[in-house]
1. Residue separation times 0.36 nm, minus the C-alpha to C-alpha distance between K171 and D127: what's the value?
2. List the aspartates and glutamates whose Cα sits under 13 Å from the Cα of K123, skipping any in the same chain fewer than 8 residues away.
3. About the Cα centre of the stretch 66-114, what is the dipole size in debye to 20, counting +1 per Lys and Arg Cβ and -1 per Asp and Glu Cβ, all else neutral?
4. If I model a spin label as a point 7 Å beyond the Cα along the Cα-Cβ vector, how far apart are those points for R209 and Q159 in nm?
5. Tell me the label-point distance for the pair I188, K68, using the 7 Å Cα-to-Cβ offset, in nm and rounded to one decimal.
Amino acid sequence: MISNHNLRVQSCGTTRSPALSLRVAAGLALPFAAAVLLSLSAGAAAAQAAAPAAASAPASPAKKALVKRVIQLQQPGIEAMARALVEQPAAAIMQQVGRTLQANVPADKREAVGRDAQADVRKFVEDVVPTVRKRAIEIAPGTIGPILEQKLTEDELKQLVAWLDSPVSRKYQQLGGEMQKALSEPLIRDSRATVEPRMRALEESLMKRLGVSDTPASTAGGKPAAAPAPAKK
C-alpha cells in the first residue's frame with residue numbers, strides 16, 4: 001500500500017492558481033500511470049516480435065525451466081516495480097496538492113481537505129495497482145524470459161537460482177524497503193532546498209512551452225486590477 005510518507009502533503013509558499021496547479025500536475029503525472037498499461041502491453045508485443053530472431057537457437061527445456069524459476073523467485077520485485085510505477089505519479093500529484101492547499105485554502109480547512117485528497121489518491125493507487133501488477137506478472141515470462149535465455153548460460157542460471165532461493169538472498173530482499181526508506185528520507189530532506197526551486201522553475205518553463213497562462217485574476221497584492229480609465233470625449 002502507498003505509504004503516508006509518499007502521500008504526505010507538502011507545504012510550499014507559492015501563489016499559483018489552484019486550478020492551474022492541479023491541472024498541470026495531473027496533466028504531467030496521470031498520463032504516466034495510464035502509459036504504464038500501454039508500455040506493459042507494448043513490451044509483450046516487442047518480445048513476441050523479437051522471438052523469430054531467437055528461434056534459430058531455441059533454449060533447452062532445462063534452461064527454460066531455470067528461467068521460469070528465476071522469474072518466479074523475482075515476482076516480489078516485479079510486483080514492487082508495478083506498484084512504484086503507479087505510486088510515483090500519485091505522489092507527484094500529492095506534492096502539488098500540498099502547494100495548492102498552502103496557497104489557496106483557508107488554514108482552518110487545510111487539514112480536512114488534505115485528508116480528503118489523500119484518501120482520493122490512495123483509492124486511485126489501490127484501484128490501479130492490482131491491474132498493473134497482474135499485467136506485469138502476465139508479461140514477465142515473455143519479456144524478461146527471452147533476455148535471460150539469451151544472456152545467461154544454463155550454468156549461470158543454476159547459480160542465479162541457487163542465490164535467489166537462498167536464505168541470505170531472501171533476507172536481503174526483505175531489507176529492501178527498510179534500506180530504501182533509510183536512504184530516501186534524509187536524501188529528500190537534504191536535497192529539498194535545492195530541488196524544489198528547480199522543480200518550480202521547470203513547471204513554469206513547461207507551462208510557458210505549453211502555452212498555459214499562469215496570470216491570476218487579481219494583482220500580486222491580492223486586490224482586483226483597476227478598471228481602465230474611460231476614454232476622454
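1. Values: separation 44, 0.36 × 44 = 15.84 nm, distance 2.96 nm.
So the chain would gain 12.9 nm between K171 and D127.
2. Correct list for K123: E87.
3. On the way: 6 positive and 4 negative charges, 41 e Å.
Using Cβ point charges on Lys, Arg, Asp and Glu, the stretch 66-114 gives about 200 debye.
4. With each label placed 7 Å out from Cα toward Cβ, I get 4.4 nm.
5. 4.1
Coordinate-derived values only; no laboratory data. Nothing here was measured: the structure is a model prediction, and the numbers come from that model. Every residue, glycine among them, receives a Cβ derived from its backbone with ideal geometry; neighbour counts consider all protein chains shown.
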